[in-house]
Amino acid sequence: MTSNQEPLVKVVGFHKYFGDKHVHRGLDFALYPNEVVSLIGGSGSGKSVLLRAIIGLESADHGQIYFKGKDVTDFQESQWREVRKSIAYAFQGGALFDSLTVEENLLYPLDAHTKLSRQEKQIKIDEILEILGLEGTNQLSPSDLSGGMQKRAGLARALILDPEVILYDEPTAGLDPFNTKNIQDIIVDLKERGRGGILVTHDMPTAFATSERMALLLNGKIEIEGRVEDLREGNPLVKSFITGEMAYGTSQQ
C-alpha cells in the first residue's frame, strides 16, 4: 500500500442517483502516484460512472472528489478542461473521430490545449505512435485500423497531453488474446513511465497483470480493496467474483 503518500485522486462519501436508482452510496476511493488500481464489479454497478465523475462528466449528488489535494467537485466546465489535461479518459470504444486521420485525431487536443509549433506537435505524435506500436498509421482513417489498433489509437489520443492519470474503461473488451496482451504490456509500460491510473475491467487476467491494488465495487460502495496478491486467493468475496459465482443486481452504469 502507498497510504503514506498523498493520493492523486481521492473520492469521499460519493453518492450518485439516476432517477430512483441510488448507484453510489457513500463511496470512498483513492489512487496513489505510480500505481494502477483495478476497479471490478458486476455490470451496472457504476464503475464507469465513477470514472466519468472523476473527470467531470458526471456530477456528484453528494460527496467530494479531489485531485492532487484540490476539491474539484463543483468545478465549472472551464475548470474541468484544465483538469482533463492531467487526467485522461481512454474510452471503451476508442472515441476517435471517424472523419479524421489518426494524425488529425491526435492533433485535435494538441491544437486545443497547447501552443506548440506544428513541428513540435509532429514530434509528439510520432513519439506516442511509436510507443504504442502504431508507426506509419498517421494518414490512416480509424476504419482502416483493426480493433486492437483502434484501441491503441484511442489510447494515443488520451496520452498526447502527457497526463498524470489514465482512466482505462474496459481497454481489452472485444480483443483477441494477442491484442489483449499488447494492451496489458502498454499499461505496464506506461506505469513504469510514471503514468498510473484506474482500470475498469471484467478481464481478470489483465487486472492481475497490470495492477498493484484491486477494489471491488458492490452495493454502491467499495466493499473490498487491497493488494492484488492478497485478494487474488485470500478473499472469498473477490474469489466468488473471479469465478463468476457472485450474483449482482443491476443499476445504470
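Each value in this text was obtained by applying a stated rule to the coordinates, not by laboratory testing. Since we're looking at a predicted model, the values are computed, not measured. Cβ: placed from backbone, ideal geometry, glycine included. Neighbour counts: every protein chain shown.
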Worksheet item: Which of the pairs Lys16/Lys115; Lys85/Lys191; Lys70/Lys221; Lys85/Lys121; Lys16/Lys181 have their Cα atoms more than 26 Å apart in this structure?
Response: Lys16/Lys115; Lys16/Lys181
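Give, as a single signed number, the net charge of other residues whose beta carbon lies under 14 Å from the beta carbon of Lys191, with Lys and Arg counted +1 and Asp and Glu -1.
-3
Work out the FRET efficiency for Glu6 and Glu127 from their Cβ-Cβ distance, taking R0 = 30 Å, and round it to the nearest 0.05.
Working: r = 30 Å, r/R0 = 0.99.
Taking R0 as 30 Å, the efficiency between Glu6 and Glu127 is 0.50.
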Worksheet entry | Stretch gain in nm, segment Ser141-Thr114, where the contour uses 0.36 nm per residue and the Cα spacing is subtracted | 7.3 nm
Worksheet, complete the sentence: Filtering chymotrypsin sites (Phe, Trp or Tyr not before Pro) in region 59-97 by DSSP loop and by at most 14 other Cβ atoms within 10 Å leaves Phe97
Discussion item. Modelling each spin label as a point 7 Å along the Cα-to-Cβ direction, I'd like the Ala95/Ser240 distance in nm, to one decimal.
Written reply: 3.4 nm
Worksheet item: Measuring from label point to label point, each 7 Å out along Cα→Cβ, what is the Asn34 to Ser86 span in nm?
Response: 1.8 nm
Response to the item:
Checking rank on 68-74, 101-107, with mean other Cβ inside 10 Å and highest first, the result is 101-107, 68-74
Item to complete: Only Lys, Arg, Asp and Glu count, each charged at its Cβ (+1, +1, -1, -1), so figure out the dipole size of the chain about its Cα centre, rounded to 20 debye.
Response: 420 debye
Fill in: Which of Ile87, Asn4, Gly63, positive extreme of dipole for region 1-136 (C-beta unit charges)
Gly63
Worksheet entry | Magnitude of the charge dipole, region 121-251, Cβ model with Lys/Arg +1 and Asp/Glu -1, debye to 20 | 200 debye
